[in-house]
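**Q** Please find one structure pasted underneath; my questions will follow.
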2 protein chains.
Amino acid sequence: MVDLIHVYLEDKGREFIDSIRDCRLMALYFIGSTKTSTIPGVSIAAASPELTLYTPACDVEYLVYGRPVSFDVIPVTPEGIPTPALITRAALTLSKIPYLIVDTGSYIEPKISHISLPSRYVGEKINSGKAIPYSKASGLYYESMTLAGMLASSCDLFVIGESIPGGTTTTLGILTGLGYSVWGMVSSAGPNNPHGLKKAIVKEGLVKSKLNAEEARRDPFKAVASLGDPVHVSMAGFLAGAISKGVKVVLAGGTQMAAVVAIAKHMGVDLSRNVVIGTTRWIIIDKSSDIIGLVKKIEPKVPIIAANLDFSFSPFEGLRYYEKGYVKEGVGAGGTVIASIAVRNIPLSTIISEIYREYERSVKTRGISKIT
Amino acid sequence: MVDLIHVYLEDKGREFIDSIRDCRLMALYFIGSTKTSTIPGVSIAAASPELTLYTPACDVEYLVYGRPVSFDVIPVTPEGIPTPALITRAALTLSKIPYLIVDTGSYIEPKISHISLPSRYVGEKINSGKAIPYSKASGLYYESMTLAGMLASSCDLFVIGESIPGGTTTTLGILTGLGYSVWGMVSSAGPNNPHGLKKAIVKEGLVKSKLNAEEARRDPFKAVASLGDPVHVSMAGFLAGAISKGVKVVLAGGTQMAAVVAIAKHMGVDLSRNVVIGTTRWIIIDKSSDIIGLVKKIEPKVPIIAANLDFSFSPFEGLRYYEKGYVKEGVGAGGTVIASIAVRNIPLSTIISEIYREYERSVKTRGISKIT
């Protein structure tokens, strides 16, 4: 069994992995909210649609402290399946990768030290066609770009992840706004991907916004302002800043990373080298989405690598649910595991054991209701 | 002429400097406000007492962008002498030391990406005896400690500086609250150190707070809550976190660093190694304050090193004013220059040339009214 699966552009992906062994790196987790996640059926990243607004802050509080602070429970799906931050936390515990949280517009401020972007903004429902003000989209991009510049000289590699419930729907919005036909290709945190609902939301927003795809390709902030969210444009700006300083980037996420790639591409960023998408096996085997198809359509030069995470034999049913199509990815889980393996030389089996330990600890201390 | 002056504990200081050559480092600048700075006569860190509340944000906006964003002018004294952030910026430009801004309670939020501490709080006038709520003092300490832990594994050295007008007065407050008799020993940003005013403010606050020095030594947050400010306790927490992870620290500042050392010491942090105070020659030659005396009283194991900055022969009168006792230190100027010399091997003469270039650029573009 291999620890890393080279899913797309294998040679280039291997070269990237070889180049980052023992390098200096930092992980940054971008959090933000879009009210799109409160539309019933869009997101299962919390026990109820309204609670998805609190998930990003709770995710990163849990990541740092091992327990949320703003609420007393670890984010779970309505079925009680825990946040992928659990995987990220286990990987960080072992690899000791330094990391920061970046608030791009979380509905509540996380109760941990975090980077605030001055233009942070909670995204509106994108079926309004008015997701975030144009000035905020532009501000988030350039503030993140500057942030990358402030940190660049200490790093050979940045791993950047996200927590934004509703993020695959806004990804569909951004890509559609930029003129890509990608219906049915984005992922979902559940086994039943609500493609119809997502399409209806995006189509409604597209009509209301009167967005012109050609104009949006010249100025992708227009697509973000109409149909996007605060997180992906911030990640794109950070990516642009990193690339301009010669720092490599792992885009740690699933199909949402296509939105990051698309915004950066249409901002003129050269993505032909120094960047890969790092995700989980669950995204790759997902029949309800198509990450390779997305990358091929948008920027076919970006390799995709997956951490070969498999919970089939987990002693915990809450984790075995991942094998049934739940959760799949988030809070940079896949990319953080990949960096722990590739940079720190930690075997995947060791990381999986740590995930089990972390799950058990979390169940014991608080927050996760064990599924029985 | 030497680039570095070993002012106190020379052997230990040299050993520290030798140990950090080419090390991995990061600088963090802690900003915050205390309304103490608006008491007329306390601070000359802006053109008027009220404007001192805006100086920390403007300082770091200038540091990042080369110009303030929130206001159109670079912070200057009433005489038009520019902020020491100019020195810091020049050193960072050459050394490319990665850096972050930490907001502990700035009166206005800086318009750049920055770390927010959840407990950030603008300090009240300390003659009230109620500087900041106890829970905020404690929160800032532990949030900063956690932050150091998040970043520690990428660094061998942290350089931590401050921007808080009124900070020497709150330093006097914290030290007095902890039972140290240090009247007349703290520095000032002007040639006429208002020791009498500072003493009167602290004495009034001390009486009103009913603070007991013995209790405060057991729980230094009490001294901070009565007579302190948000910045020094945050820096102390960060120092504690760094030391616990084996990361070295340059406390980049003047007599204010005595408050950081004192808080950490009474929190039980071992300061016998891995920490130095890094400041400027102007602090050392200042006849109106006594940094060596302060350190000897509080924690005599901490070396003091100064960057041998001298603007006597500067072509710009605005900088020659530094030789008349103006400004002296701030925004981590001395420590950042020391790190640029010691870690990056940049000669002081090169840094001084860059400071002159930066001064000229700033005068040309905006903000500094040239003194003629």
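The values are calculated or read from the model by the stated rules, or taken from the named source; none is laboratory data. Every value quoted in this text rests on a predicted model; they were computed, and no experiment measured them. FYI the Cβ positions are ideal-geometry reconstructions off the backbone, even for glycines, and counts take in every protein chain you see. Remember, those area values only see protein heavy atoms, side chains included, never the ligands or the DNA or RNA. Shrake-Rupley method; radii C 1.70, N 1.55, O 1.52, S 1.80 Å.
**Q** Which is at pLDDT 95 or above and either over 23 Å from A:Asp22 (Cβ atoms) or of a type outside the set (Val, Ile, Thr) (or both), of A:Ser362, A:Ser288, A:Ser369?
**A** Unique residue meeting the criteria: A:Ser288.
**Q** I would also like to ask the following. Report, ordered by the first and then the second residue, all pairs with beta carbons closer than 9 Å, sequence separation of six or more or different chains, a first member in the range A:149-168 that is free of Cβ contacts under 8 Å to residues at least 60 places away in the same chain, and a second member that is assigned to a helix (DSSP H, G or I) and of a type in the set (D, E, K, R).
**A** none
**Q** If you go through the range B:199-233, how many residues are hydroxyl-bearing (Ser, Thr, Tyr) and over 21 Å from the mean Cα position of the chain (by Cα)?
**A** 1
**Q** When only residues in the range A:47-78 that are part of a loop (DSSP other than H, G, I, E, B) and within 14 Å of chain B (Cβ to nearest Cβ) count, which is surrounded by the most Cβ atoms within 10 Å (Cβ to Cβ)?
**A** That would be A:Pro68.
**Q** Now for a different question. List the number of the failed condition for A:Val186; all other conditions in (1) out of contact with any Gly (no Cβ under 7 Å at 6 or more places or on another chain); (2) crowded, with 19+ Cβ neighbours inside 10 Å; (3) within 14 Å of another protein chain (Cβ to nearest Cβ) hold.
**A** Looking at each condition in turn, A:Val186 falls short on (3).
**Q** Kindly list the number of the only condition in (1) crowded, with 22+ Cβ neighbours inside 10 Å; (2) facing chain B (nearest Cβ under 8 Å) that fails for A:Ala90.
**A** (2)
**Q** Do we find a residue being free of Cβ contacts under 8 Å to residues at least 24 places away in the same chain and in a strand (DSSP E or B) anywhere in the range A:113-122?
**A** Scanning the range A:113-122 turns up at least one residue that is free of Cβ contacts under 8 Å to residues at least 24 places away in the same chain and in a strand (DSSP E or B).
**Q** Next question. Taking the condition in contact with a Phe, Trp or Tyr (Cβ under 7 Å, 6 or more places away or on another chain), in a helix (DSSP H, G or I) and buried (at least 17 other Cβ atoms within 10 Å of the Cβ), does B:Val331 pass?
**A** Considered against the rule, which asks whether it is in contact with a Phe, Trp or Tyr (Cβ under 7 Å, 6 or more places away or on another chain), in a helix (DSSP H, G or I) and buried (at least 17 other Cβ atoms within 10 Å of the Cβ), B:Val331 comes out as no.
**Q** Within the range B:144-160, take every residue that is facing chain A (nearest Cβ under 8 Å) and within 19 Å of the chain's Cα centre (by Cα) and give me the one that is farthest from B:Ile97 (Cα to Cα).
**A** For the range B:144-160, the residue satisfying everything is B:Ser144.
**Q** Across the range A:112-130, what is the total count of residues that are out of contact with any Phe, Trp or Tyr (no Cβ under 9 Å at 6 or more places or on another chain) and either open to solvent by 30 Å² or more (accessible area, probe 1.4 Å) or more than 9 Å from chain B (Cβ to nearest Cβ) (or both)?
**A** Within the range A:112-130, residues that are out of contact with any Phe, Trp or Tyr (no Cβ under 9 Å at 6 or more places or on another chain) and either open to solvent by 30 Å² or more (accessible area, probe 1.4 Å) or more than 9 Å from chain B (Cβ to nearest Cβ) (or both) number 11.
**Q** Before we move on, is A:Ala242 more than 29 Å from A:Ala46 (Cβ to Cβ), in a helix (DSSP H, G or I) and either open to solvent by 30 Å² or more (accessible area, probe 1.4 Å) or touching a helix residue (DSSP H, G or I) at 6+ places or on another chain (Cβ under 9 Å) (or both)?
**A** yes
**Q** Could I ask something else about it? Applying the selection to the range A:251-279, what residues are more than 11 Å from the chain's Cα centre (by Cα), outside any helix (DSSP H, G or I) and crowded, with 24+ Cβ neighbours inside 10 Å?
**A** Selection gives A:Val275, A:Val276.
**Q** Using the structure shown, decide if A:Tyr99 is facing chain B (nearest Cβ under 10 Å), of a type in the set (Phe, Trp, Tyr), out of contact with any Pro (no Cβ under 8 Å at 6 or more places or on another chain) and buried (at least 19 other Cβ atoms within 10 Å of the Cβ).
**A** Judged against the criteria, A:Tyr99 is a match.
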